[in-house]
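A.B. asks: Once you've had a glance at the structure underneath, I'll fire off some questions.
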Amino acid sequence: MVEGVASWFGYVNPPDQAAVQLFKESADNPALFFRLLATVVFLVPVAEELLFRGYLQGYLMGRTTRWRAIMLTSLLFVLFHISPNQGV
C-alpha cells in the first residue's frame, strides 16, 4: 500500500523513516530492540501529547479562542512531523 501511494508521487522505493531504520539496525540486539520499541510505542507518544495538547494547546487556549488554539496546535504538530528526506 505505501509503495502504491509513494509511486503516485514518483517514489519507486520510498526511504525508511528514522524509527524504521533504527529498528532494522537493532534487530540483532534484543535488549536494544525492546528498549527502542518501548520508547517508540510508549514514551514518544506520551511526550508528544504532553507537549502539544497539554502544554502548547493549553497555553494557546488562554490567549486565543478554543477553535484557533486547536487549529494552531494541529498545524504545528503536522509541521513537526514533516520529514524532508521522505518527500511527500
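Derivation of every value follows stated rules applied to the coordinates shown; laboratory data play no part. Please read all numbers here as calculations on a predicted model, not as lab measurements. With ideal geometry, Cβ positions are generated from the backbone for all residues, glycine too; neighbour counts draw on all protein chains shown.
A.B. asks: Which Cα, out of Ala27, Met61, Val41, lies furthest along the positive dipole direction of region 16-85 (beta carbon charges, K/R +1, D/E -1)?
C.D. replies: The residue sitting most towards the positive pole is Met61.
A.B. asks: A further question on this structure: Using the crude model of +1 on Lys and Arg Cβ and -1 on Asp and Glu Cβ, and no other charge, please compute the dipole size for region 8-80 relative to its Cα centre, in debye to 20.
C.D. replies: Numbers: 6 positive and 5 negative charges, 96 e Å.
Dipole about the Cα centre, nearest 20: 460 debye.
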